[in-house]
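Student: This is the structure I have questions about; it appears just below.
The values are calculated or read from the model by the stated rules, or taken from the named source; none is laboratory data. Keep in mind that what you see is a predicted model, and the values were worked out from it rather than measured. Don't worry about glycine lacking a Cβ; one is built from the backbone with ideal geometry, like all the others, and counts go over all protein chains shown.
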Amino acid sequence: MNNNSKVLALKYRPQTFDDLIGQEVVSETIKNSIKANKVPNAYLFTGIRGIGKTTIARIVAKSLNCLNSYKNFCNKNFCENCEAIANSSHIDVLEMDAASKTGVDDVRDLIEFSRYGPTSSKYKIFIIDEVHMLSKQAFNALLKTLEEPPEYLKFIFATTEIKKIPITVVSRCQRFDLSRIKSNELFEFIKKIKEKENGKATDDALKLIVKISEGSVRDALSLLDRALISLENGKELDLNAAQKIFGYFDKSQLIELFDQIFQGNETKVIESYRKIYNQGVEPKIFINDFLEILYYFKNINSLTLESTNFSLNDIEFNRIKEISNKIDDEVLILFWQFTIRTLGELDIVSNQHLSIEMFLMRLIHLNGFVPTKDIKDDELKKNGIKSDKNFSPLNIQNKETVNQIKSVTQEKKIKPQSQIEPKITNEIIIESFNELLQICKIKKEIKLKYQLEKNVNLVKFENGRIEISFNDNLDKDFVKELSAKLLEWTNQRWIISFSKSEGNISIRDKEIVLQKRLIENAKKSDFYKSVLKYFSDAELIDVKSTKKDDE
């Protein structure tokens with residue numbers, strides 16, 4: 001095949017240790033072991049796709065069988081052995097794909113073949129790619145030969161799934177974990193390839209290729225090949241063209257989308273998303289990019305422009321920094337949780353596009369219920385709540401939506417606060433048992449509220465002291481948890497004592513008694529009796545009172 005007709009990933013495949021990028025430590029270790037004549041029975045290379053596992057396996061095979069010996073490995077002018085190994089035609093170097101030869105019979109044939117020494121080189125070498133695909137029986141058949149092979153026999157394994165290989169096999173190999181290629185190294189590499197191919201591409205377009213490839217050299221070269229082929233002769237690949245080719249979009253659009261979400265502008269948010277969607281961006285790609293930008297919003301103050309790995313330019317970096325200073329970290333953490341959940345939902349909905357739109361609207365409404373850094377104490381006072389150092393904004397639902405135009409639906413859904421409202425100053429003041437329950441509700445202490453309602457009978461309540469009786473279902477850590485929370489909320493220690501008096505029945509029991517009474521009274525009504533005339537087997541199971549609770 002003409003070298004010019006090869007795809008770039010094959011055309012520029014490294015042939016020597018010096019050609020490798022990003023794996024300097026691995027290269028030096030292997031070269032030193034060969035020079036010291038301490039060659040292991042088996043090498044095991046593991047890492048993500050496209051970072052050089054099979055390539056290094058072939059280079060190791062060349063180094064072991066090079067006719068120029070270890071002191072002067074072939075570099076440009078290959079010897080007969082190195083040339084044959086590079087062309088996969090050497091009689092003593094057998095490459096096997098474990099994905100297509102997984103059975104124990106294949107391994108037995110391999111072992112049988114290994115009994116014969118090399119014909120024209122120092123070592124007989126078996127390169128097994130995707131070795132994790134071998135069956136359990138095949139691995140077991142290989143164990144003994146792997147542990148004590150003949151001196152002339154060497155194994156080289158490559159895998160992307162190291163956890164699927166039995167530990168008994170891994171322990172018999174010299175393992176090398178290949179790392180992802182750093183963005184700067186990969187960028188410089190594909191820039192050189194572009195120049196060798198006389199291609200025209202801007203640095204921003206190449207940086208996008210680096211980002212999409214996620215540290216894989218093969219992916220980066222394949223993307224570069226695709227981009228250069230898709231352009232007309234003499235035309236330069238710029239960022240906009242690259243985004244269209246690879247289905248990616250300008251990150252500044254996503255940053256402005258975030259800003260509109262924080263402002264609560266529902267119309268502009270949907271318009272911005274549809275504009276992105278019309279560029280051919282798939283919903284899952286959108287969500288993953290959304291998560292990435294969300295990460296930058298949360299951690300922008302601890303990052304530098306260089307550490308974003310070409311994901312952001314200087315304008316985008318500064319814009320995120322500007323917007324993030326107005327947003328509370330807790331809002332961003334909630335956004336992250338909702339986004340992760342939506343990513344899972346995309347697999348079960350038929351129209352992912354509509355699901356994304358609903359997701360964005362949920363974020364707008366969610367943002368409206370969580371105070372941001374701009375909210376002052378007097379704004380919280382309007383809702384009957386004054387915050388203290390322990391009062392988390394995630395535990396408060398405002399009656400008024402902040403920094404957002406509320407829809408009619410939102411107005412209907414927000415319920416007025418309870419008649420029983422705790423007095424909250426710098427320390428929360430709790431003056432009654434009902435106020436204690438209300439604080440538990442505000443603070444999201446659901447378990448504590450449940451224990452107080454169902455398993456506790458109140459005997460006496462006064463400032464700093466609660467006297468109770470309880471049933472057998474009370475949690476053993478109840479007193480310790482309640483004491484800790486009261487100290488946290490009120491900044492004073494409370495005495496919780498047990499009484500021999502039964503005290504008032506629990507709130508839950510009160511509700512049960514009241515419900516029974518309502519049902520009994522309803523059964524005496526003329527309406528219920530008239531119902532039984534027509535439906536003799538009717539049974540009254542629930543009654544809802546229209547009267548207020550205190551009546």
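Student: Based on this model, can you work out whether residue 10 counts as in contact with a Phe, Trp or Tyr (Cβ under 8 Å, 6 or more places away or on another chain) and either aliphatic (A, V, I, L, M) or buried (at least 19 other Cβ atoms within 10 Å of the Cβ) (or both)? Outline the logic, then answer.
Tutor: Details: in contact with a Phe, Trp or Tyr (Cβ under 8 Å, 6 or more places away or on another chain): no; either aliphatic (A, V, I, L, M) or buried (at least 19 other Cβ atoms within 10 Å of the Cβ) (or both): yes.
Here the answer is no, as residue 10 does not meet what is asked.
Student: Between 538, 522, which is farther than 30 Å from residue 481 by Cα, modelled with pLDDT of 75 or more and either in the same structural domain as residue 471 (by TED's automatic domain parsing) or touching a Phe, Trp or Tyr at 6+ places or on another chain (Cβ under 9 Å) (or both)? Spell out how you get there, then give the answer.
Tutor: On the way: 538 fails: modelled with pLDDT of 75 or more.
Exactly one residue qualifies, and that residue is 522.
Student: I would also like to ask the following. Between residues in segment 239-263 that are closer than 18 Å to residue 322 by Cβ and residues that are of a type in the set (D, E, K, R), which pairs lie under 7 Å by C-beta distance while being six or more apart or on different chains?
Tutor: Cβ pairs passing all conditions: 251/316; 252/316; 254/289; 255/316; 255/319; 260/268.
Student: Would you say residue 406 is within 30 Å of residue 268 (Cα to Cα), out of contact with any Asp or Glu (no Cβ under 9 Å at 6 or more places or on another chain), modelled with pLDDT under 85 and part of a loop (DSSP other than H, G, I, E, B)?
Tutor: Against the criterion (within 30 Å of residue 268 (Cα to Cα), out of contact with any Asp or Glu (no Cβ under 9 Å at 6 or more places or on another chain), modelled with pLDDT under 85 and part of a loop (DSSP other than H, G, I, E, B)), residue 406 does not qualify.
Student: Moving on. So which residues in segment 264-295 are in contact with a Lys or Arg (Cβ under 9 Å, 6 or more places away or on another chain) and either assigned to a helix (DSSP H, G or I) or in the same structural domain as residue 223 (by TED's automatic domain parsing) (or both)? Quick ask: steps written out before the conclusion?
Tutor: Our first condition is that a residue be in contact with a Lys or Arg (Cβ under 9 Å, 6 or more places away or on another chain); within segment 264-295, this holds for 264, 279-280, 289, 292-293.
The answer is 289, 292, 293.
Student: Taking segment 27-53 as the region of interest, how many residues are touching a Gly at 6+ places or on another chain (Cβ under 9 Å) and either free of Cβ contacts under 8 Å to residues at least 24 places away in the same chain or of a type in the set (A, V, I, L, M) (or both)? Full working, then the answer.
Tutor: Just the residues of segment 27-53 that are touching a Gly at 6+ places or on another chain (Cβ under 9 Å), to begin with: 45, 48, 50-53.
Now restrict to residues that are either free of Cβ contacts under 8 Å to residues at least 24 places away in the same chain or of a type in the set (A, V, I, L, M) (or both): 48, 51.
So the answer is 2.
Student: Among the residues of segment 14-41 satisfying the criterion of being of a type in the set (Val, Ile, Thr) and either farther than 19 Å from residue 157 by Cα or in contact with a Ser or Thr (Cβ under 7 Å, 6 or more places away or on another chain) (or both), which is surrounded by the fewest Cβ atoms within 10 Å (Cβ to Cβ)?
Tutor: Within segment 14-41, the first condition is being of a type in the set (Val, Ile, Thr), and the residues that meet it are 16, 21, 25-26, 29-30, 34, 39.
Subset that is either farther than 19 Å from residue 157 by Cα or in contact with a Ser or Thr (Cβ under 7 Å, 6 or more places away or on another chain) (or both): 21, 34, 39.
Working: 21: 15, 34: 17, 39: 18.
Filtering segment 14-41 for residues that are of a type in the set (Val, Ile, Thr) and either farther than 19 Å from residue 157 by Cα or in contact with a Ser or Thr (Cβ under 7 Å, 6 or more places away or on another chain) (or both), the one surrounded by the fewest Cβ atoms within 10 Å (Cβ to Cβ) comes out as 21.
Student: Please go through segment 163-184 and pick out each residue that is surrounded by 16 or more Cβ atoms within 10 Å (Cβ to Cβ) and in a helix (DSSP H, G or I).
Tutor: Answer for segment 163-184, where residues must be surrounded by 16 or more Cβ atoms within 10 Å (Cβ to Cβ) and in a helix (DSSP H, G or I): 169, 170, 183.
Student: Among helices (runs of 4 or more DSSP H) lying entirely in segment 461-549, which contain 1 or more residues that are among the aromatic types (Phe, Trp, Tyr)? Give the derivation first.
Tutor: Numbers: elements: 478-490, 507-523, 526-534.
Where helices (runs of 4 or more DSSP H) fall fully within segment 461-549 and carry at least 1 residues being among the aromatic types (Phe, Trp, Tyr), they are 478-490, 526-534.
Student: If I go through segment 358-369 residue by residue, how many of them are surrounded by 17 or more Cβ atoms within 10 Å (Cβ to Cβ) and of a type outside the set (Val, Ile, Thr)?
Tutor: The initial filter retains those residues of segment 358-369 that are surrounded by 17 or more Cβ atoms within 10 Å (Cβ to Cβ), namely 359-360, 363-365, 367-369.
Adding the requirement that they be of a type outside the set (Val, Ile, Thr) leaves 359-360, 363, 365, 367-369.
Result for segment 358-369: 7.
Student: Let me ask something additional. As an exercise: evaluate residue 367 against (1) at pLDDT below 75; (2) closer than 13 Å to residue 294 by Cβ; (3) out of contact with any helix residue (DSSP H, G or I) (no Cβ under 9 Å at 6 or more places or on another chain) and give the number of the one condition it does not meet.
Tutor: That leaves (3) as the condition not met.
Student: Being assigned to a loop (DSSP other than H, G, I, E, B), under 15 Å from residue 127 (Cα atoms) and polar (S, T, N, Q) is the filter here; which residues of segment 36-54 pass it?
Tutor: Hit for segment 36-54 is 41, nothing else.
Student: Moving to a separate point now. Identify all residues within segment 216-263 that are assigned to a loop (DSSP other than H, G, I, E, B), crowded, with 18+ Cβ neighbours inside 10 Å and modelled with pLDDT of 85 or more; write none if there are none. Before you say what the answer is, go through the steps one by one.
Tutor: Of all residues in segment 216-263, those assigned to a loop (DSSP other than H, G, I, E, B) come to 216, 231-236, 238, 247-250.
Now narrow it down to the ones that are crowded, with 18+ Cβ neighbours inside 10 Å: 216, 248-249.
Across segment 216-263, the qualifying residue is only 216.
Student: Out of all the residues in segment 274-292, is one or more free of Cβ contacts under 8 Å to residues at least 60 places away in the same chain, surrounded by 20 or more Cβ atoms within 10 Å (Cβ to Cβ) and aromatic (Phe, Trp, Tyr)?
Tutor: Yes, segment 274-292 contains at least one residue that is free of Cβ contacts under 8 Å to residues at least 60 places away in the same chain, surrounded by 20 or more Cβ atoms within 10 Å (Cβ to Cβ) and aromatic (Phe, Trp, Tyr).
Student: Condition first: over 27 Å from residue 134 (Cα atoms) and without any contact (Cβ under 8 Å) to a residue 24 or more places away in the chain. Can you find one or more residues in segment 96-107 that meet it?
Tutor: Filtering segment 96-107 for residues over 27 Å from residue 134 (Cα atoms) gives none.
Within segment 96-107, not a single residue is over 27 Å from residue 134 (Cα atoms) and without any contact (Cβ under 8 Å) to a residue 24 or more places away in the chain.
Student: So, one more: Select from segment 42-74 the residues that are hydrophobic (A, V, I, L, M, F, W, C) and farther than 15 Å from residue 158 by Cα and write down the one among them that is nearest to the chain's Cα centre (by Cα).
Tutor: Restricting attention to segment 42-74, the residues satisfying the condition of being hydrophobic (A, V, I, L, M, F, W, C) are 42, 44-45, 48, 51, 56-57, 59-61, 64, 66-67, 73-74.
Next, only the ones that are farther than 15 Å from residue 158 by Cα stay: 64, 66-67, 73-74.
Details: 64: 42, 66: 46, 67: 49, 73: 44, 74: 45 Å.
Taking the candidates together, the pick is 64.
Student: Look at residue 13 and say whether it is assigned to a loop (DSSP other than H, G, I, E, B), modelled with pLDDT of 90 or more, charged (D, E, K, R) and under 25 Å from residue 193 (Cβ atoms).
Tutor: Values: assigned to a loop (DSSP other than H, G, I, E, B): yes; modelled with pLDDT of 90 or more: yes; charged (D, E, K, R): yes; under 25 Å from residue 193 (Cβ atoms): yes.
Yes; evaluated as a whole, the condition is true for this residue.
Student: Could you say which residue among 151, 147 is over 23 Å from residue 88 (Cβ atoms), in contact (Cβ under 8 Å) with a residue 12 or more places away in the chain and of a type outside the set (Lys, Arg)? Show your work before the answer.
Tutor: Details: 151 fails: in contact (Cβ under 8 Å) with a residue 12 or more places away in the chain.
Only one candidate qualifies: 147.
Student: Could we say that residue 56 is of a type in the set (A, V, I, L, M), in contact (Cβ under 8 Å) with a residue 60 or more places away in the chain and surrounded by fewer than 19 Cβ atoms within 10 Å (Cβ to Cβ) here?
Tutor: When the stated conditions are applied, residue 56 does not pass them.
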